[in-house]
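Trainee: First, the structure itself, so that you have it in front of you.
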Amino acid sequence: LLCQNAPYCDIPGLLSPSMSKANVRQTLNLKFLAFPRYEKFELKQYPPRMLLSSSRGCAYQCAFCGARNFLGSKWRAFSLEQMITEFEYWYDQGYREFSFEDSLFALDVKRVIDFCSYIVEKHYIDVSFVADGVRADHITKNLAIMLKKANFTRLSIGVESVNEKSLSFRYM
């Protein structure tokens with residue numbers, strides 16, 4: 001719709017500075033969103049790492065983070081099948097480095113473990129992954145083991161404070 005010059009207020013899930021909060025529509029259901037294929041972009045001009053997104057939004061209300069303001073306060077995840085389909089599409093296009101750019105990549109630990117298991121079982125040994133948006137309290141021993149086996153080489157873990165009072169502070 002955006003490419004067809006539809007008015008911003010008619011595009012579900014789109015926010016613009018000119019829209020009031022009253023005009024914001026319900027966020028799209030991720031089951032019906034296709035991943036971007038960037039067919040009109042000259043991807044060879046960019047570093048050979050493909051950015052992936054396996055979820056949107058954030059269920060937490062951290063005062064220091066703006067994710068929920070941009071992506072919504074409800075966490076929505078792509079299914080395991082959608083994650084695999086997107087990964088394999090870009091793998092077939094020649095990509096071997098992948099970066100998950102989620103606010104809460106490992107909120108559903110089982111989904112991430114299942115993705116890692118798939119990567120290991122299918123012998124994708126020539127790939128590497130990084131993941132942004134990993135909370136330390138979501139990392140289990142089993143998850144850490146599977147991330148390592150699936151060639152996750154880096155996790156971005158937010159360490160905001162060790163003080164519970166600071167973590168629970170809310171701006172008025």
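The values are calculated or read from the model by the stated rules, or taken from the named source; none is laboratory data. These numbers were taken from a predicted model, which means no experiment stands behind them. Note that each Cβ is placed from the backbone with ideal geometry, even for glycine, and that neighbours are counted across all protein chains shown. Heads up: the accessible areas ignore ligands, DNA and RNA and are worked out on the full protein's heavy atoms, side chains in. Shrake-Rupley method; radii C 1.70, N 1.55, O 1.52, S 1.80 Å.
Trainee: Name the long-range amide H neighbours of SER55: under 5 Å, sequence gap of 5 or more, or other chain; modelled H, no Pro or chain starts.
Mentor: Here PHE78 satisfy the definition.
Trainee: Give the peptides 119-128, 86-95, 101-110 in descending order of average Cβ contacts within 10 Å, highest first. Before the final figure, lay out the partial values.
Mentor: Values: 119-128: 12.9, 86-95: 15.2, 101-110: 19.5.
Packing order, densest peptide first, comes out as 101-110, 86-95, 119-128.
Trainee: Pull up all non-local amide H partners of PHE152: gap of 5 or more, or a different chain, and H-to-H distance under 5 Å with H placed in the peptide plane.
Mentor: PHE129
Trainee: For ASN142 and ASN163, FRET efficiency with R0 = 25 Å and r from the beta-carbon atoms, rounded to 0.05? List each step's numbers first, then the result.
Mentor: Values: r = 29 Å, r/R0 = 1.16.
E(calc), rounded to 0.05, equals 0.30.
Trainee: Excluding ligands, DNA and RNA, what is the solvent-accessible area per residue of the range 70-143 at a probe of 1.4 Å, expressed in Å²?
Mentor: Computed with neighbouring chains in place, this is 49 Å² per residue.
Trainee: If you wrap a convex hull around the Cα atoms of the range 22-123, how much volume per residue is inside, in Å³?
Mentor: Values: hull volume 14.1 nm³, N = 102.
Enclosed volume per residue, from the Cα hull, is 138 Å³.
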